[in-house]
Amino acid sequence: EVQLVESGGGLVQPGGSLRLSCAASGFTFSNYAMNWVRQAPGKGLEWVSYIRSTSDLIYYADSVKGRFTISRDNAKNSLYLQMNSLRDEDTAVYYCAKDIVFGGSSQFDTWGQGTLVTVSS
Amino acid sequence: QSLLTQPPSVSAAPGQTVTISCSGSSSNIGNHHVCWYQQLPGTAPKLLIYDNNKRPSGIPDRFSGSKSGTSATLGITGLQAGDEADYYCGSWDTSLSVVVFGGGTELTVL
């Protein structure tokens, strides 16, 4: 079964840091581009970041550029999101999402259950 | 403000057909494929349509997608109570190099 499991969410103060992880199973992780997508409480989906299967191409949303860093370890079938300088508006459920193709197509066929990040003092 | 525009809500009776529109521009829908997601309350999004009109395995043919110019449409026939959910369109914006989502449409089955 293709599965993504996020972890690492929690309560953090403004200005703080958090590292999210996403464990992949049931497919050849190294063959697919991966993404992080977030959803603030009661709001719509917001794409956060993309990383190609070989880590040589990375994109970020303007709202997180310079503060968040996406990475992956294909040997560990894991995706990461290092979040620094967190702001109140970063409060959201964060999903990792698998692209449907190797190079990335911005279409996601598998999503994790999400991990909640709450930024508050 | 989303680069892709969807109606906030649509509604129809069980058994009827509903369509949800997604309007973009030449930098996204006009030059890239469109996908659609269904998000049931309290759950993660689920891919319904990719490459404008293709269904992943397991998605019933009651769901269909189309694209024309800078707009796309999701169609749902034979509405069921279980179709009540939020629906999002998605694409890639070639000018901004970002994934873009519509603001979402809440479907109510009356």
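The values are calculated or read from the model by the stated rules, or taken from the named source; none is laboratory data. Fair warning: this is a prediction, and the values are worked out from it, not measured in the lab. Cβ coordinates were reconstructed from backbone atoms using ideal geometry, including for glycine residues, and neighbour counts include every protein chain displayed. For accessibility, only protein heavy atoms count, side chains too; no ligands or nucleic acids. Shrake-Rupley method; radii C 1.70, N 1.55, O 1.52, S 1.80 Å.
Of all the Cα-Cα pairs you can form in chain B, what percent are over 16 Å apart?
When all Cα pairs of chain B are counted, 54 percent exceed 16 Å.
Between residue A:82 and residue A:3, what FRET efficiency follows from the Cβ-Cβ distance if R0 is 25 Å, with the result rounded to 0.05?
It comes to 0.65.
When Lys and Arg each count +1 and Asp and Glu each count -1, what net charge do the other residues less than 11 Å away from residue A:108, Cβ to Cβ, add up to?
Values: positive: A:98, B:46; negative: A:99, A:109.
Net charge in that neighbourhood comes out at 0.
What is the local net charge at residue A:34, summed over the other residues whose Cβ is closer than 10 Å to its Cβ (Lys, Arg +1; Asp, Glu -1)?
Working: positive: A:52, A:72, A:98; negative: A:99.
Once positives and negatives cancel, what remains is +2.
At 7 Å along Cα-to-Cβ for each site, give me the label-to-label distance between residue A:11 and residue B:53 in nm.
Using points 7 Å along Cα→Cβ, the separation is 5.2 nm.
So how far, in whole Å, is the C-alpha centre of the stretch B:11-37 from the one of the stretch A:4-76?
Result: 26 Å between the Cα centres.
Please compute the Kirkwood hydrodynamic radius of the stretch A:57-121 from all pairs of different C-alpha atoms, in Å with one decimal. Intermediate results must be reported in sequence, preceding the final value.
Numbers: mean 1/r = 0.0746 Å⁻¹.
Result for the stretch A:57-121 stands at 13.4 Å.
Exceeding 29 Å between C-alpha atoms, which entries from my cross-link table qualify? They are A:98/B:54; A:43/A:76; A:43/B:54. Could you put the intermediate results ahead of the total?
Working: A:98/B:54 17 Å; A:43/A:76 32 Å; A:43/B:54 27 Å.
Where the Cα-Cα span goes over 29 Å, the pairs concerned are A:43/A:76.
I'd like the Kirkwood hydrodynamic radius of the stretch A:11-120, using the inverse of the mean 1/r over distinct C-alpha pairs, in Å.
Evaluated on the stretch A:11-120, it is 13.9 Å.
Of the accessible area of the protein assembly as shown, with the probe set at 1.4 angstrom, what percent is carbon plus sulfur?
46
Using a Förster distance of 35 Å, how high is the FRET efficiency between residue B:97 and residue B:12, based on the Cβ-Cβ distance and rounded to 0.05?
Once the sixth-power term is evaluated, E becomes 0.40.
Find out how many positive minus negative residues lie around residue B:18, taking Lys and Arg as positive, Asp and Glu as negative, among other residues whose Cβ is under 13 Å from that of residue B:18.
On the way: positive: B:62; negative: B:83, B:84, B:106.
Overall, the nearby charge balance is -2.
Give me the inter-chain shielding for B:27-35: mean count of other chain Cβ atoms within 10 Å, whole number please.
2
How large is log10 I(q)/I(0) at q = 0.18, 0.23 Å⁻¹ when the Debye formula is applied to the Cα atoms of the stretch B:1-48, each weighted equally and without solvent?
-0.77, -1.08
If you build a Gaussian network model of chain B, linking Cα atoms that sit under 10 Å apart, which residue out of B:65, B:15, B:42 swings the most?
It is B:42.
How long are the semi-axes of the equivalent ellipsoid of the protein assembly as shown, defined as square roots of 5 times the Cα gyration tensor eigenvalues? Whole Å, largest first.
28, 19, 17
Which distance in nm do the two modelled labels at residue A:75 and residue B:110 give, with both placed 7 Å along the Cα-to-Cβ direction?
Taking the two extended label points, one gets 6.1 nm.
Stick to Cα atoms and the Kirkwood definition of Rh, then tell me Rg/Rh for the stretch A:1-59.
Value, to two decimals: 1.00.
Provide the packing ranking of A:72-83, B:45-56, i.e. peptides ordered by the mean count of other C-beta atoms within 10 Å per residue, highest first.
Going by the mean number of other Cβ atoms within 10 Å, highest first, we get B:45-56, A:72-83.
Taking a probe of 1.4 angstrom, what is the accessible area of residue A:102 in Å², to the nearest 10?
120
How large is ³J(HN,Hα) for each residue in the stretch A:8-13, as worked out from phi by the Karplus curve 6.51 cos²θ - 1.76 cosθ + 1.60 (θ = phi - 60°), to whole Hz, x for Gly and Pro?
Result, ordered by residue: x, x, x, 8, 9, 6 Hz.
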